[in-house]
Amino acid sequence: MAFLTVEAMPQVSPVLHPPVLGEYTDFRLYLKDVYEYRRATESTGIRSYSYSTFSAAADIKSPNYLKLIIEGRRNLSDDMITRFARALRLNRSESDEFRSLVLYGQASAPLERNQHLKVLADIRAQRAVAAGQINATSLEKVPGWIGWVLYAMADQANVNFDPEILQNLFRAKASADDIRNSLTKLVSSSDCSNR
């Protein structure tokens with residue numbers, strides 16, 4: 001019986017799957033993976049997929065703009081997010097998700113990051129509900145960004161949970177009614193979990 005050595009074994013190229021936007025929390029990594037996927041699948045013997053190819057699809061004059069974004073040396077403006085979404089061949093829903101992912105990734109203030117993360121999570125949750133992966137009742141039990149902030153504040157000393165005072169702490173990014181509703185939801189969910 002003859003055995004194949006490692007060198008004699010036929011080389012099988014890995015099966016490449018297009019990157020799935022919903023699996024990413026870092027838009028730069030998503031862009032890098034899309035670029036690498038396209039280089040592997042869309043390059044021909046005559047012409048390879050390049051940063052210039054992507055820039056042309058996005059109607060950008062700089063051939064290395066994508067590279068600068070991936071490396072974190074530049075950020076995407078609102079207009080560039082739209083152009084990138086077009087070059088990425090994203091549909092409208094995916095474009096909205098990509099925009100939220102970029103805004104989340106580029107936000108520097110924690111409260112702003114939380115807000116963009118909440119929008120991103122809502123988009124992805126709605127898609128999961130539409131696909132039947134989770135039901136709407138389960139989704140309603142998931143706290144929003146305000147709920148997560150309040151939950152984190154619960155362990156801190158001397159926190160006043162008056163909605164009007166909290167609204168000032170949130171720098172008016174949330175209304176007193178939204179804060180009140182989130183507090184009610186958190187208290188009711190903790191009552192249920194203690195039973």
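Around the Cα centre of the range 35-145, unit charges on the Cβ atoms of Lys, Arg, Asp and Glu (plus for the first two, minus for the last two) sum to a dipole of about 280 debye. Among 30-36, 56-62, sorting by the average number of other beta carbon atoms lying within 10 angstrom of each residue, highest first, gives 30-36, 56-62. Rounded to the nearest 0.05, what FRET efficiency is calculated for S52 and E112 with R0 set to 22 Å and r the Cβ-Cβ distance? E between S52 and E112, to the nearest 0.05, is 0.05.
Taking a straight Cα-Cα cut-off under 20 Å and skipping sequence neighbours fewer than 8 places away in the same chain, the lysines within cross-link reach of K32 are K61, K67.
Bear in mind these aren't lab numbers, they're just calculated from the coordinates by the rules spelled out. Quick caveat: nothing in here was measured; it's all calculated off a predicted structure. Quick reminder, even Gly has a Cβ in these numbers, built from the backbone with ideal geometry, and neighbours come from all protein chains shown.
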